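Report on the structure given below.
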Ligand SMILES: Nc1ncnc2c1ncn2[C@@H]1O[C@H](COP(=O)(O)OP(=O)(O)OP(=O)(O)O)[C@@H](O)[C@H]1O
Ligand SMILES: [Mg+2]
């Protein structure tokens, strides 16, 4: 009896859904404060608060409750998360820089989700994520300035060109095992940047202007008006980036929770055994590689339009490493992990300028520490459940 | 339909200077359990790897179910109806029991991109069907395991892993099952249990043929209809267990005396 009482950490326990909704709201308020925080002290305080909250959630079993909420009430929870994201964007309203950061983070997340399919699910490390992102951005630079292709289609074109150029790498990447294919992607990433720097048509080291996004006649250079107030034009990009991130997330989730996701896992874990059970290893790898590059290309195309000026320096090997570290920090194969890690890797250094200089060092140390002490990542991926709440579930 | 399901003709496989298989002739009849035995390094596992297309033979033929499958590639061999387990367990330890069994069912499910991403209802039906099928198969080995279909395999003891490996091989309803030392790493009692399981499987799937590699002679004696003994990649004896056990050449090969 006494034991039972001792084991209950929180005397009044809310049902999982209520706990989950409160947590989402708390995260949204936190994110809003964080994006607006000006002084380094305030930012540092918030970072510490987040670390403590994360640690506390683990210790008190709150994170397990949240997992249950995500599992049993996925519809309501996902809806709440989307609503909070929209609310944060609306609240930021006129703040150019925070909105730009938020959108950048979301676009990095899209690319990281693609890399997670390649690396986390299929086991193919791609150290050229930023190059594929850059291919998308350059595609949108060329198409917005030289053609009248509707910009929404240009996003697709960015993904398509990234996939096509990626196809050049498919033979070496798919045929070589393990570390060699990683080396192939490193070489490609470096080559890509050098190619841009010497290519006068693509602007050389100075780079290119990119036209703005335009959806059915609505030019993204105009700030939308909400109840008589004109908001930052970045609100447009934040909304579209959110839409893209949600779409990429949902699609990647479906991929993971399908026979194809199972095949990708099997290929990562044991290629020979996979082939012995009829899995087409080459198809699985081509699929994963192409899928990831398409996501990176689409995200890059929108990124180019948003920052309106791109140069080879925005797509370096270091940026590729940042993308890979998002996947590693969050947890291999963990989609929510990638989302959390994208926040950490993209937003924190932007906010803490002292870190900006050392961010690569910092993330290297963080990734190494992670691999040593918590190799499954910040939000470890669980056992695959094909359908949330379905019978073939548990 | 011929009585012979699998046939090797002068099968040879060399690794550099090592002749792992050196002109092996062998036949597996439909519905029989054949024991493949021989000292360490005599080429037993290599013969499985050649049949299943992991290695291409240096020379010789493999015929299965009336067709030449020499050098066909692992995926095609599987589709032809041959499934196997591995000497060292090769399950995906992070994945659930269900996932591991379903890997074996890969050729029977819809792997289309559109279907998997967009047709959630169709996929749901396939998952439910697959679940029922996998669960029934697992329940045939252990009711307890069948209640934990979504537990990760890595947490299970060796005997349970072996059972799941066998389920993974059986879920596609193969014509031929190749078992590579299923008793490896198990206690005496566990081995006995697994033997019961294998016999039960054979009773349930009447026309299934099995080739089993084993070092445990008790297992071979109990399970097999026919035995083939390898030494240095060659067949040195064959017949019923009693016949090969009495063969002086087999005794020499095992004891290493001349
Ligand atoms: N991939 C390989 N590369 C080089 N040599 C190999 C390879 N596979 C097997 N061999 C060699 O071929 C011979 C036969 O090996 P095999 O694994 O078939 O033996 P086995 O009968 O299964 O033995 P055990 O009872 O120990 O499992 C051995 O000498 C082994 O070293
Ligand atoms: Mg062997």
Quickly run through the stretch B:118-154 and pick out the residues that are within 9 Å of chain A (Cβ to nearest Cβ), assigned to a helix (DSSP H, G or I) and surrounded by fewer than 17 Cβ atoms within 10 Å (Cβ to Cβ).
B:118, B:120, B:124, B:128, B:132
Against the definition (touching a residue at least 12 places away in the same chain (Cβ under 8 Å), more than 14 Å from ligand 1 (Cβ to nearest atom) and closer than 30 Å to residue A:255 by Cα), how does residue B:95 come out, yes or no?
yes
Any residue at all in the stretch B:58-66 that's in contact with a helix residue (DSSP H, G or I) (Cβ under 6 Å, 6 or more places away or on another chain) and either surrounded by fewer than 20 Cβ atoms within 10 Å (Cβ to Cβ) or within 9 Å of chain A (Cβ to nearest Cβ) (or both)?
no
Please report, ordered by residue number, the helices (runs of 4 or more DSSP H) entirely within the stretch A:244-315 with at least 3 residues that are in contact (Cβ under 8 Å) with a residue 24 or more places away in the chain.
A:259-269, A:281-307
Of all residues in the stretch B:38-48 being part of a helix (DSSP H, G or I) and buried (at least 22 other Cβ atoms within 10 Å of the Cβ), which is nearest to ligand 2 (Cβ to nearest atom)?
B:44
Among B:81, B:73, which is the only one that is more than 16 Å from ligand 2 (Cβ to nearest atom), free of Cβ contacts under 8 Å to residues at least 40 places away in the same chain, surrounded by 14 or more Cβ atoms within 10 Å (Cβ to Cβ) and within 21 Å of residue B:104 (Cβ to Cβ)?
B:73
Name, by its number, the condition in (1) within 11 Å of another protein chain (Cβ to nearest Cβ); (2) closer than 23 Å to residue B:199 by Cα; (3) out of contact with any strand residue (DSSP E or B) (no Cβ under 6 Å at 6 or more places or on another chain); (4) assigned to a loop (DSSP other than H, G, I, E, B) that does not hold for residue B:173.
(1)
Going by what's in this entry, would residue B:30 be described as more than 14 Å from ligand 1 (Cβ to nearest atom) and in the same structural domain as residue B:228 (by TED's automatic domain parsing)?
yes
Quick check on the stretch B:95-113. Is at least one of its residues farther than 23 Å from residue B:226 by Cα, in contact with a helix residue (DSSP H, G or I) (Cβ under 7 Å, 6 or more places away or on another chain) and more than 10 Å from chain A (Cβ to nearest Cβ)?
yes
Quick one: which of B:73, B:130 is touching a helix residue (DSSP H, G or I) at 6+ places or on another chain (Cβ under 8 Å) and in the same structural domain as residue B:214 (by TED's automatic domain parsing)?
B:73
Might you let me know whether the stretch B:177-185 holds any residue that is away from ligand 2 (no atom under 16 Å from the Cβ) and either within 14 Å of the chain's Cα centre (by Cα) or part of a strand (DSSP E or B) (or both)?
yes
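A quick yes/no check of all residues on (1) in contact with a strand residue (DSSP E or B) (Cβ under 7 Å, 6 or more places away or on another chain); (2) part of a helix (DSSP H, G or I); (3) in contact (Cβ under 8 Å) with a residue 60 or more places away in the chain:
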{"residue": "A:153", "(1), (2), (3)": "no, yes, no"}
{"residue": "A:156", "(1), (2), (3)": "no, yes, yes"}
{"residue": "A:171", "(1), (2), (3)": "no, yes, no"}
{"residue": "A:192", "(1), (2), (3)": "no, yes, yes"}
{"residue": "A:202", "(1), (2), (3)": "yes, no, yes"}
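The values are calculated or read from the model by the stated rules, or taken from the named source; none is laboratory data. These numbers were taken from a predicted model, which means no experiment stands behind them. With ideal geometry, Cβ positions are generated from the backbone for all residues, glycine too; neighbour counts draw on all protein chains shown.
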